[in-house]
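Take a look at the structure set out below.
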C-alpha cells in the first residue's frame, strides 16, 4: 500500500522525497512497453544527494518498523543496499544482502525470477537468516514484483517470516495491489514525472 | 495505523555529550588487528584518530579501541574464492552482527563528523552498504560510484587496470561540485586500483579527497601506494592469501 493511504497523507516529507527523484527517459533503452514515450527511469541517485530527503526516507521506514520486532532487513542488490543498512542499524536488525549470482562467497541458496526478456537469479547466504526470524525486504522500486517475489521465496525457504516488502517507489502496476505473494507491500511514492509526458 | 511523528533523529547510539575541553587529535600506535585465520606476527601500525567523544573514550583501553577486535572477529574468511589461493574477506558476517556493524559505522562517523565533508562516495557494491549510513550521520550526500552502464544519467568514467584487462567506474555528472570535500568508502582495499580510479574521477571534477576509508586492508598488495596524496584509514588488516 502507498504511505499516503496508510497514515502519511499530506506528509510533506513524501513530497520532498518525490521531488528529489529524477526521471531519465529511455534508460536502459527505448521501449514502448510501458508508455508511448518509452521507459521513464526513476533515478534515486538524486535522492541520495539530498541529505534531508534521504534522511526522511530512512526515518519513515524506521518509524514504521522499529516496534515490529524485525530482526532482519534484507536488501536487493544494488540499490536496496543504499537504503537497507541504514534502516537495519536504526532498528537493531541484521542486514542481509541479496545478490546477483556468483557474488556471495559462501554457501548460497538461489531463486530465479523473470525479466522482460529471459530470467535472472537472486542469491542469499545459507546461514544469513534463521527460522522464525521476522524479515523486511527493501528495494528502491517495485515494478512487476518479480525480484521481490524471489526474495520472499528465499526467506521462506529458510523458515523466516517476511513481515513486509518496502520500496521507495511503486510503479502503477502495484497500486491497489496490497500484497505480493501474500505479503504486504509498503511503498512511499509513485513514479515522478509521468504526467508531464502523457 | 501509523500516525505522523515529529522529526525522527537518525541515531545509532545516544549522542555523546560534547567533550568539555573541545576536540583533540589523538594518535595511537596500535597493533594491527590480524584476522584469526592468519599466522603472521602483529606489526605496529600507526592509526591517527579523529576527535574523541566520551563514548569512544570509554571503548579505549591502553590506547586501543576495543571495538576493533570485535569487528575483526566478525569478518569471515573464505578460502579459494573467487579463485584458488585467494582468502576472501567476507563482510556479510559483520553485517549480521548488529553490534559490530554499528561499531564500524560509529568509528567512521566519529572520525568524519564535523570536518566539512559534504560527499561520501561509495564504490559498488559493498561500498553502498557502508557509505550511506555514514553520509546520513555526518550530513553529507552519498554518491554511488558504479560499474559501467548502471547509472542512468550522463556520466564521467575512469578506467583502471585489472589483473587481466581493464574495467571502468562511473559517476553521474553533477553529483559533486568543485571544492567539495569527500571521503571514499569501500569494504576492502587490495591492489588499490578501484580506489585510485575513484580518486582520479573525483579529482577531475575539482573535489578534494580528504581520506579513503575501508574496513579491511590487505597490506601485502601495497594498495596504499596507488592512492597518491590521499590518506587511507582502515580498521583491520589481513593477509591476502
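The values are calculated or read from the model by the stated rules, or taken from the named source; none is laboratory data. No experiment lies behind these values; they were computed from the predicted model shown. Please note: Cβ atoms are built from the backbone with ideal geometry, for glycine as well, and neighbour counts cover all protein chains shown.
The figures follow:
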quantity: Test: residue B:147 is free of Cβ contacts under 8 Å to residues at least 24 places away in the same chain, within 23 Å of residue A:84 (Cα to Cα) and within 14 Å of chain A (Cβ to nearest Cβ); calculated: yes
quantity: Which listed residue, of A:180, A:122, A:171, is in contact with a helix residue (DSSP H, G or I) (Cβ under 7 Å, 6 or more places away or on another chain), surrounded by 18 or more Cβ atoms within 10 Å (Cβ to Cβ), at pLDDT below 95 and farther than 29 Å from residue B:106 by Cβ; calculated: A:180
quantity: Residue in region B:173-193 that is more than 26 Å from residue A:54 (Cβ to Cβ) and surrounded by fewer than 15 Cβ atoms within 10 Å (Cβ to Cβ) present; calculated: no
quantity: Residue B:167 being crowded, with 21+ Cβ neighbours inside 10 Å and assigned to a strand (DSSP E or B); calculated: no
quantity: Boolean, residue B:153 is touching a helix residue (DSSP H, G or I) at 6+ places or on another chain (Cβ under 9 Å), assigned to a loop (DSSP other than H, G, I, E, B), touching a residue at least 12 places away in the same chain (Cβ under 8 Å) and facing another protein chain (nearest Cβ under 7 Å); calculated: yes
quantity: Unmet criterion (only one of (1) part of a loop (DSSP other than H, G, I, E, B); (2) closer than 19 Å to residue B:212 by Cβ) for residue B:85; calculated: (2)
quantity: Verdict on residue B:78 being in a loop (DSSP other than H, G, I, E, B) and touching a strand residue (DSSP E or B) at 6+ places or on another chain (Cβ under 8 Å); calculated: no
quantity: Among residues of region B:87-100, those that are farther than 12 Å from residue B:238 by Cβ and more than 7 Å from chain A (Cβ to nearest Cβ), counted; calculated: 5
quantity: Total residues in region A:103-126, condition under 28 Å from residue B:86 (Cα atoms) and without any contact (Cβ under 8 Å) to a residue 12 or more places away in the chain; calculated: 1
quantity: Hits in region A:81-91 - residues which are more than 9 Å from every other protein chain (Cβ to nearest Cβ) and either surrounded by 22 or more Cβ atoms within 10 Å (Cβ to Cβ) or touching a strand residue (DSSP E or B) at 6+ places or on another chain (Cβ under 7 Å) (or both); calculated: A:87
quantity: Positions within region B:105-137 being facing chain A (nearest Cβ under 10 Å), part of a helix (DSSP H, G or I) and under 17 Å from residue B:214 (Cβ atoms), in sequence order; calculated: B:105, B:106, B:127, B:128, B:129, B:130, B:131, B:132, B:133, B:134, B:135
quantity: Single residue of A:53, A:74 found to be more than 10 Å from every other protein chain (Cβ to nearest Cβ) and surrounded by fewer than 24 Cβ atoms within 10 Å (Cβ to Cβ); calculated: A:53
quantity: Residue selected from region A:130-156 under the condition out of contact with any helix residue (DSSP H, G or I) (no Cβ under 9 Å at 6 or more places or on another chain) and either in a strand (DSSP E or B) or free of Cβ contacts under 8 Å to residues at least 12 places away in the same chain (or both), by the criterion farthest from residue B:90 (Cα to Cα); calculated: A:141
quantity: So residue B:94, is it within 14 Å of the chain's Cα centre (by Cα) and surrounded by 15 or more Cβ atoms within 10 Å (Cβ to Cβ); calculated: yes
quantity: Condition check for residue A:101: within 14 Å of chain B (Cβ to nearest Cβ) and loosely packed, with under 15 Cβ neighbours inside 10 Å; calculated: yes
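So that you can scan it fast, the table gives a plain yes or no per residue for (1) at pLDDT below 80; (2) touching a helix residue (DSSP H, G or I) at 6+ places or on another chain (Cβ under 6 Å); (3) surrounded by fewer than 16 Cβ atoms within 10 Å (Cβ to Cβ); (4) within 30 Å of residue A:91 (Cβ to Cβ):
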| position | (1), (2), (3), (4) |
| --- | --- |
| B:37 | yes, no, yes, no |
| B:44 | yes, no, yes, no |
| B:59 | yes, yes, no, yes |
| B:71 | no, yes, no, yes |
| B:74 | no, yes, no, yes |
| B:89 | no, no, no, yes |
| B:100 | no, yes, no, yes |
| B:118 | no, no, no, yes |
